[in-house]
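Some notes on the structure that comes next.
The values are calculated or read from the model by the stated rules, or taken from the named source; none is laboratory data. The structure presented is a predicted model; accordingly, all values stated were derived computationally and were not measured. With ideal geometry, Cβ positions are generated from the backbone for all residues, glycine too; neighbour counts draw on all protein chains shown.
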Amino acid sequence: MGVDNLSKITGGVSGILCQLSTGAGFGTRKLYTNHDEALISAKRPVLINGIAAGEMVSRPDLATQVCGAHDRPADPVHSLQA
């Protein structure tokens, strides 16, 4: 799953991203009137992109799951001209 152009990750979203990257499940009733259960489980890598990526991840649970990659700004001389 890719999340693009983030500037901040709240505590709730941080927890959800951790659960998604390590594997999580959720169970609920299929219908309000019966007792059958619907189970949803997922485990996917998460790609987070943003200008200040190092500042976005402030919670320790998500910080332990992060593998950061930093790039230098584009050289204006070699950038594509419109």
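Applying a threshold of 9 Å to beta carbon distances and a minimum spacing of six or more residues, or different chains, the list of pairs starting in region 55-72 at a residue that is surrounded by 10 or more Cβ atoms within 10 Å (Cβ to Cβ) and among the hydroxyl-bearing types (S, T, Y) and ending at one that is in a loop (DSSP other than H, G, I, E, B) and modelled with pLDDT of 75 or more reads S58/K8; S58/I9. Restricting G12, G27 to residues that are within 12 Å of the chain's Cα centre (by Cα) and outside any loop (DSSP other than H, G, I, E, B) narrows the list to G12. When G25, G50, G54, G68 are checked against the criterion of being of a type outside the set (A, V, I, L, M, F, W, C) and modelled with pLDDT of 80 or more, G25 stands alone in meeting it. For region 36-53, a residue qualifies if it is polar (S, T, N, Q) and assigned to a strand (DSSP E or B), and exactly one does: S41. The lone criterion from (1) outside any helix (DSSP H, G or I); (2) in contact with a helix residue (DSSP H, G or I) (Cβ under 8 Å, 6 or more places away or on another chain) left unmet by T33 is number (2).
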